[in-house]
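Here the structure comes first, spelled out in structure tokens, and everything after it is commentary.
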Amino acid sequence: MLTPDLFGEIDPPQRLLMGPGPVNAHPRVLRAMSADLLGQFDPEMTGYMEQVMALYRPIFATQNRWTFLIDGTARAAIEASLVSLLTAGDTLLVIDFGRFGLLLREIGERIGAKVEMLSVPWGETVPMDRIAAAIERSGPRVVATVHGDTSTTMAQPLEGLGELCRAAGAFSYVDATATLGGMPIEADIWGVDVVTGGLQKCLGGPSGSAPITISDRAAEHIFARRHVEQGIARADIANGTGKRIASNYFDLAMVMDYWSEKRLNHHTEATTMLYGARECARVALGEGLEARFARHAAAGRAVVAGARALGLTVYGDDRFRMTNVTGILIPQGVDGDAVRRRMREDFEIEIGTAFGPLTGKIWRIGAMGYNAMKHKVLITLGALEAVLRAEGFACEAGAGVDAALRSYEA
């Protein structure tokens with residue numbers, strides 16, 4: 001057991017995080033997070049909150065008023081969304097093509113929902129006609145899906161999902177944790193009701209704050225379930241007639257009342273994380289979203305080209321691959337964990353392992369946010385080549401880096 005002898009100041013290694021997330025945070029984000037704290041009702045603080053709402057609307061490609069932050073990791077926003085949309089006994093249809101589809105089922109079951117799964121093998125995505133048939137068959141209250149599932153590196157096409165759900169009287173939820181800020185998220189064009197994200201991947205920040213956007217239609221449903229806790233009840237905030245949301249912390253009705261002009265004292269805002277989320281959005285919008293998406297796509301293509309030039313097989317369907325995370329099959333006879341260890345110990349580079357049925361079968365290389373840069377991709381591929389050769393895998397010297405360079409130049 002460790003003894004509390006102060007341990008010394010935190011001084012982590014300067015590691016290049018090229019896995020599926022988290023990635024290295026942008027220096028501007030870290031600097032913003034070192035600013036002084038403010039009280040949660042300070043006019044400067046509430047002004048920053050209004051700025052955050054305005055900054056994230058274009059990132060979600062939405063006009064939704066209710067675009068704000070959930071205090072907690074990306075999973076906090078996922079759970080807040082589902083617990084605020086669903087009640088026990090409601091039907092939740094999960095579009096499942098990886099680990100995080102299974103997470104949506106897990107959360108739905110804990111709420112007490114009746115969960116229907118529309119599942120495909122890992123490495124595939126779900127055609128919209130199958131989604132339409134499943135909605136007609138199950139009559140769900142909520143249809144939930146992941147956009148880009150880092151466990152399989154696949155991105156689910158979502159155009160038309162919102163229209164299908166609205167026609168059936170269902171709400172739609174999309175987990176865009178791994179793609180927000182790196183691939184186009186079109187909340188209004190898709191017509192989806194709730195989309196959530198995270199900072200620690202394409203947005204180039206730390207985990208701990210989760211952007212969310214909510215349609216007026218979904219907001220009306222959530223506010224109908226508003227039951228303000230007794231200790232902060234106010235005469236100007238009326239309770240709804242619907243069933244009380246089953247979580248206090250993740251009660252979106254009360255959180256939204258804090259982010260509104262009501263400024264309900266629900267919980268103390270995570271000031272430092274708000275600063276970081278604000279700067280993540282400023283960096284993204286300052287770069288320009290189209291340029292940012294192109295940068296991520298170029299980095300992803302380079303990783304794929306480099307891996308294939310080294311004689312490695314890229315996992316999944318090229319048509320539906322996430323631009324920011326690439327799965328690579330571990331060659332027969334190569335110790336995948338040893339490769340990851342040597343990448344970390346010899347080159348200070350982290351690449352990812354895998355989950356579930358892909359455990360021990362693929363590596364995952366992420367190039368996103370502050371790390372979706374040409375030199376970082378080239379350094380990673382050069383290190384991977386060196387480690388593979390040291391582990392006895394035959395590959396042409398320099399082939400991966402050369403192919404990635406050609407990809408960038410094309």
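Can you go through 154, 117 and tell me which one is of a type in the set (A, V, I, L, M) and open to solvent by 10 Å² or more (accessible area, probe 1.4 Å)?
Sole residue among the options that is of a type in the set (A, V, I, L, M) and open to solvent by 10 Å² or more (accessible area, probe 1.4 Å): 117.
Mind checking which residues of the range 39-81 are closer than 15 Å to residue 196 by Cβ and acidic (Asp, Glu)?
Scanning the range 39-81 gives 71, 79.
Checking residue 19 against (1) in a loop (DSSP other than H, G, I, E, B); (2) of a type in the set (Gly, Ala, Ser); (3) without any contact (Cβ under 8 Å) to a residue 40 or more places away in the chain, which single condition isn't satisfied?
Of everything listed in (1) in a loop (DSSP other than H, G, I, E, B); (2) of a type in the set (Gly, Ala, Ser); (3) without any contact (Cβ under 8 Å) to a residue 40 or more places away in the chain, residue 19 misses just condition (3).
Could you go through the range 223-243 and let me know if any residue there is under 24 Å from the mean Cα position of the chain (by Cα) and either in a helix (DSSP H, G or I) or under 25 Å from residue 174 (Cβ atoms) (or both).
no
If only one of 274, 203, 312, 289 is in contact (Cβ under 8 Å) with a residue 12 or more places away in the chain, surrounded by fewer than 17 Cβ atoms within 10 Å (Cβ to Cβ), closer than 30 Å to residue 371 by Cβ and not charged (D, E, K, R), which one is it?
Sole residue among the options that is in contact (Cβ under 8 Å) with a residue 12 or more places away in the chain, surrounded by fewer than 17 Cβ atoms within 10 Å (Cβ to Cβ), closer than 30 Å to residue 371 by Cβ and not charged (D, E, K, R): 289.
Please go through the range 351-410 and give me each residue that is polar (S, T, N, Q) and surrounded by 14 or more Cβ atoms within 10 Å (Cβ to Cβ), ordered by number.
If the condition is that a residue be polar (S, T, N, Q) and surrounded by 14 or more Cβ atoms within 10 Å (Cβ to Cβ), then 353, 371, 380, 407 are the ones that fit.
When both residues are 6+ apart or on different chains and their Cβ atoms are under 7 Å apart, which pairs have a first residue that lies in the range 252-267 and is within 13 Å of residue 81 (Cα to Cα), and a second that is of a type in the set (Phe, Trp, Tyr) and not in a helix (DSSP H, G or I)?
Note: pairs meeting the criteria are 256/66.
Cβ contacts < 7 Å: first residue closer than 18 Å to residue 89 by Cβ, restricted to the range 113-141; second residue surrounded by fewer than 16 Cβ atoms within 10 Å (Cβ to Cβ) and of a type outside the set (Gly, Ala, Ser), any location; separation 6+ or different chain. Result?
Taking only residues 6 or more apart or on different chains, the pairs are 115/109.
Show the residue pairs that are 6+ apart or on different chains and have beta-carbon atoms under 7 Å apart, the first residue being within the range 45-61 and among the small types (Gly, Ala, Ser), the second being not in a helix (DSSP H, G or I).
Matching pairs, first to second residue: 61/185; 61/186.
Tell me, yes or no, whether the range 87-99 has at least one residue that is within 19 Å of the chain's Cα centre (by Cα), surrounded by fewer than 20 Cβ atoms within 10 Å (Cβ to Cβ) and in contact (Cβ under 8 Å) with a residue 12 or more places away in the chain.
For the range 87-99, residues within 19 Å of the chain's Cα centre (by Cα), surrounded by fewer than 20 Cβ atoms within 10 Å (Cβ to Cβ) and in contact (Cβ under 8 Å) with a residue 12 or more places away in the chain: present.
Quick one: in the range 10-48, which of the residues that are under 30 Å from residue 379 (Cα atoms) and β-branched (Val, Ile, Thr) is most open to solvent (accessible area, probe 1.4 Å)?
Per the criteria, the residue is 10.
Which of the following residues is small (Gly, Ala, Ser) and modelled with pLDDT of 95 or more: 210, 233?
210
The values are calculated or read from the model by the stated rules, or taken from the named source; none is laboratory data. The structure presented is a predicted model; accordingly, all values stated were derived computationally and were not measured. Neighbour counts are summed over all protein chains in view; Cβ atoms, including those assigned to glycine, are modelled from backbone coordinates with ideal geometry. For the accessible areas, the whole protein counts, side chains as well, though only heavy atoms, and no ligand, DNA or RNA atoms are used. Shrake-Rupley method; radii C 1.70, N 1.55, O 1.52, S 1.80 Å.
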